[in-house]
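Undergrad: I have a structure here, written as structure tokens, and I will follow up with some questions on it.
The values are calculated or read from the model by the stated rules, or taken from the named source; none is laboratory data. Quick caveat: nothing in here was measured; it's all calculated off a predicted structure. FYI the Cβ positions are ideal-geometry reconstructions off the backbone, even for glycines, and counts take in every protein chain you see. The accessibility values were calculated without ligands, DNA or RNA, using every heavy atom of the protein model including side chains. Shrake-Rupley method; radii C 1.70, N 1.55, O 1.52, S 1.80 Å.
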Amino acid sequence: MKTRTLAIIKPDAVASGHTGKIISRITNEGFSILGSKQIKMNLSQAEGFYDIHRGKPFFEELTQFMSSGSCIVLALEKENAVKEWRNVIGATNPDEADEGTIRKLYAKDLGQNAVHGSDSAENGQKEIAYFFAEFELILN
Ligand code: ADP
Ligand code: MG
């Protein structure tokens, strides 16, 4: 069954000019892009998105970083999209990410790790709804 995941190209990767290569990779890996846009979150919008991590030691660093510059948010669809996208992006810590994964290729460090992926189909739907109105999701 086709499912959806949110992807974010994080501020480090956008600022470093990796956006085009990452979007090419997304299409080459067979994902359909249902919606995409450039955004810049304020701190409270980043805190809302990462609410699940509130209270963790890295929460402030993470939300400051995610609101520090432009991101590209993308709603992706594919068979088993959550797992497939997480395979493409690699482990959270780029030092532990497999060769060829986006984080291995482009991440700066554990915090500034180039891309986001949802962790379940249910959270994928919720995260897509955080950034996209229904009419912004185009099924070709
Ligand atoms: P993932 O993005 O792989 O799902 P998590 O959901 O665990 O990883 O964490 C969300 C994001 O928070 C990570 O992608 C990373 O940017 C940041 N992060 C996670 N753990 C740490 C940490 N120990 N120190 C700094 N930043 C972290
Ligand atoms: Mg996560």
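Undergrad: Anything in the range 1-58 that is among the β-branched types (V, I, T) and open to solvent by 60 Å² or more (accessible area, probe 1.4 Å)? List them, or say none. It would help to see each step written out before you state the result.
TA: Of all residues in the range 1-58, those among the β-branched types (V, I, T) come to 3, 5, 8-9, 14, 19, 22-23, 26-27, 33, 39, 52.
Result: T27, I52.
Undergrad: Also, I was wondering about something else. Taking the options E61, E47, name whichever one is in contact with a Ser or Thr (Cβ under 6 Å, 6 or more places away or on another chain), more than 29 Å from L139 (Cβ to Cβ) and not in a strand (DSSP E or B). Quick ask: steps written out before the conclusion?
TA: Working: E61 fails: in contact with a Ser or Thr (Cβ under 6 Å, 6 or more places away or on another chain).
Only one candidate qualifies: E47.
Undergrad: Mind checking whether some residue in the range 53-67 is within 18 Å of E122 (Cα to Cα), within 15 Å of ligand 2 (Cβ to nearest atom) and either modelled with pLDDT of 95 or more or not hydrophobic (A, V, I, L, M, F, W, C) (or both)? Steps first, please.
TA: So in the range 53-67, the residues within 18 Å of E122 (Cα to Cα) come out as 53.
Imposing the further condition that a residue be within 15 Å of ligand 2 (Cβ to nearest atom) reduces the set to 53.
Then keep just the ones that are either modelled with pLDDT of 95 or more or not hydrophobic (A, V, I, L, M, F, W, C) (or both); that gives 53.
So far as the range 53-67 goes, yes, one or more of its residues are within 18 Å of E122 (Cα to Cα), within 15 Å of ligand 2 (Cβ to nearest atom) and either modelled with pLDDT of 95 or more or not hydrophobic (A, V, I, L, M, F, W, C) (or both).
Undergrad: On to the next question. What single numbered condition from (1) more than 16 Å from ligand 2 (Cβ to nearest atom); (2) in a helix (DSSP H, G or I); (3) more than 12 Å from the chain's Cα centre (by Cα) fails to hold for E77?
TA: So E77 meets the others, but not (2).
Undergrad: Starting from residues that are within 15 Å of ligand 2 (Cβ to nearest atom) and over 16 Å from F65 (Cα atoms), keep the ones in the range 102-121 and report whichever is most open to solvent (accessible area, probe 1.4 Å).
TA: So the residue we want is D119.
Undergrad: Filter the range 17-31 down to the residues that are of a type outside the set (V, I, T), touching a residue at least 12 places away in the same chain (Cβ under 8 Å) and closer than 14 Å to L76 by Cβ and list them by number.
TA: Answer for the range 17-31, where residues must be of a type outside the set (V, I, T), touching a residue at least 12 places away in the same chain (Cβ under 8 Å) and closer than 14 Å to L76 by Cβ: R25, E29, G30, F31.
Undergrad: Please go through the range 7-42 and pick out each residue that is of a type in the set (A, V, I, L, M), touching a Leu at 6+ places or on another chain (Cβ under 7 Å) and in a strand (DSSP E or B).
TA: Matches in the range 7-42: A7, I33, L34.
Undergrad: If the requirement is being among the polar types (S, T, N, Q), in contact (Cβ under 8 Å) with a residue 12 or more places away in the chain and touching a helix residue (DSSP H, G or I) at 6+ places or on another chain (Cβ under 8 Å), which of these qualifies: Q64, Q45?
TA: Numbers: Q45 fails: touching a helix residue (DSSP H, G or I) at 6+ places or on another chain (Cβ under 8 Å).
Exactly one of Q64, Q45 is among the polar types (S, T, N, Q), in contact (Cβ under 8 Å) with a residue 12 or more places away in the chain and touching a helix residue (DSSP H, G or I) at 6+ places or on another chain (Cβ under 8 Å), namely Q64.
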